[in-house]
Amino acid sequence: MTQWIEKIANATSLEELENLRIDTLGKKGILTLEFAKMKSVPNEEKKSFAENLNKNKTLITDALENKKIILEKEALNKKLEAEKIDVTKFNNELSCGATHPVVETMDRIIKYFQNLNFAVEEGPLVEDDFHNFEALNLPKYHPARDMQDTFYNKDYTLLRTHTSPVQIRTMLSQKTPIRMIAPGTVFRRDFDITHTPMFHQIEALVVDDADKVSFANLKHVLVEFLQHMFGDVEVRFRPSFFPFTEPSAEVDISCVFCKGEGCRVCSHTGWLEVLGCGVVDENVFKAVGYENKSGYAFGLGVERFAMLIHNIGDLRSLFESDTRLLGQFK
Ligand code: PHE
């Protein structure tokens, strides 16, 4: 028996202990088998035989129970140790977010113009025909009004397709001189590598008395601005058309990727188109009741700037919330 007591005392796991219980007290355990022998023991020896067996059974049972308590305690301690959490441990690698490149670019541009004394104006995202089109000299048949480009609502309101309606709202509610920018979200029915149905623009409008504001002023402000944003680039004004400006121009910078040699980003032209601008059309002043005024305006796509500054190939990746992209802007 001492041999079994010893085995029990030396058991190192609950499984081992359970096996020892089966070996001793189980159906075919040594003690059970001993008890079975009772039948064949002569009557006069039965008493001492039984006493002895019961004593051994008690010894084994006690040993098993005591050991079980010890092993269970050990197992619990092990588990507690393994699952221990040090709540005081400081995590040095705090994983914090980063400013989205579109927001960062927008903030940079806003700051630049605030430093030049431009006020920041805002307007609603849901616009009406008058502010988004009519007052901006966009005649009824203009292709920009096509269902292809504009999200129309059932009540004849629409999602603004550009930030230019803020020009109208500002002129209707303020007197000259006006010197404002309007950053904001705009919407168009378009989706490919360079278009998303929602994107951001920054509009600028400067208006003062007649002959006070010229294309030359516009040109100066834009050349300074674009060189601030893109470094030592050439700036080119290309004649263009916008209903709300006359004359109008599209503005290109020399390609920041190929430095004139021609690459895929600039379609081998050496130039990148970055914004639209012009001298405020007389019809726009008429629509807001302004007389004898002069002004210039321009509008730019913030995503386009962010993509050129950070060399991002697919506009859509800016709106996929993929932390592998965003993590690069910490
Ligand atoms: N609103 C024009 C667009 O969305 C940009 C623009 C603004 C052009 C102001 C000229 C003047 O394309």
task = Quote the relative contact order of segment 173-330 in percent (integer), defining contacts as alpha-carbon pairs under 8 Å separated by 6+ residues.
result = 24 percent
Cα-based radius of gyration of the chain once divided by 2.2 N^0.38 Å, which approximates compact folds = 2.08
remark   = Averaged per residue, the 1.4 Å probe accessible area of the chain, protein heavy atoms only, in Å², is roughly 60 Å²
query = Using the alpha carbon gyration tensor of segment 236-330, what are the three equivalent-ellipsoid semi-axes (square root of 5 times each eigenvalue), largest first, in whole Å?
reply = 33, 19, 9
key: Whole-percent pair-distance distribution, where bins are 10 Å wide, for the alpha carbons of segment 139-211   = 17, 40, 30, 12, 1
note = Length gained if Phe215 through Leu172 is fully extended, taking 0.36 nm per residue and subtracting the Cα-Cα distance, is 13.2 nm
ask   = One-quarter of the Cα convex hull surface for segment 158-273, in nm²?
value = 8.6 nm²
key: the chain: relative contact order in percent, alpha carbon pairs under 8 Å with at least 6 residues between   = 15 percent
task = Calculate for the chain the 222 nm mean residue ellipticity that helices alone would give, adding -39,500 (n - 2.57) per DSSP H run of length 4 or more and normalising by residue count, nearest 500 deg cm²/dmol.
result = -12500 deg cm²/dmol
request  = Can you grab the distance from the C-alpha centre of segment 1-71 to the C-alpha centre of segment 179-244, Å, no decimals?
outcome  = 94 Å
query = Taking one equal scatterer on every alpha-carbon of segment 269-319, how large is log10 of I(q)/I(0) by Debye at q = 0.16, 0.22 1/Å?
reply = -0.64, -0.81
Sulfur and carbon atoms: percent of accessible area, the chain [1.4 Å] = 52 percent
ask   = Put Thr245, Thr12 in order of accessible area, largest first, 1.4 Å probe: what do you get?
value = Thr12, Thr245
inquiry  = Once R0 is set to 25 Å, what does the formula 1/(1 + (r/R0)^6) return for the Cβ-Cβ distance between Glu16 and Lys37, expressed as a FRET efficiency to the nearest 0.05?
reply    = 0.35
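Run the numbers on segment 221-278 and let me know its relative contact order in percent, using alpha-carbon pairs under 8 Å that are six or more apart.
On the way: 95 pairs, mean separation 16.5, N = 58.
In percent, rounded to a whole number, it is 28.
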key: Taking only Cα atoms of segment 31-178, radius of gyration then Dmax in Å   = 44.5, 128
task = Place a +1 charge on the Cβ of each Lys and Arg in segment 202-330 and a -1 charge on the Cβ of each Asp and Glu, then give the dipole magnitude about the Cα centre in debye, rounded to the nearest 20.
result = 400 debye
task = Keeping all protein chains in position, work out how much accessible area Glu45 exposes to a 1.4 Å probe, and write it in Å² to the nearest 10.
result = 100 Å²
ask   = Protein chains only, probe 1.4 Å: how do Trp4, Trp271 rank by accessible area, largest first?
value = Trp271, Trp4
query = Amide H to amide H, which residues 5 or more places from Thr176 or on other chains are under 5 Å from it, using H placed in the peptide plane?
reply = none
task = Take the Cα atoms of segment 33-118, find their three principal axes, and give me the spread along each one in whole Å, biggest first.
result = 119, 23, 14
query = What Kirkwood radius, in Å to one decimal, follows from the Cα pairs of segment 171-219?
reply = 13.3 Å
remark   = Descending accessible area (1.4 Å probe), largest on the left, turns Phe242, Phe191, Phe113 into Phe191, Phe242, Phe113
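The values are calculated or read from the model by the stated rules, or taken from the named source; none is laboratory data. The model shown is predicted, which means the values in this text are computed figures rather than measured ones. All Cβ positions, glycine included, derive from the backbone under ideal geometry; neighbour counts span all protein chains shown. All accessible areas refer to the heavy atoms of the entire protein, side chains included, with ligands and DNA or RNA removed. Shrake-Rupley method; radii C 1.70, N 1.55, O 1.52, S 1.80 Å.
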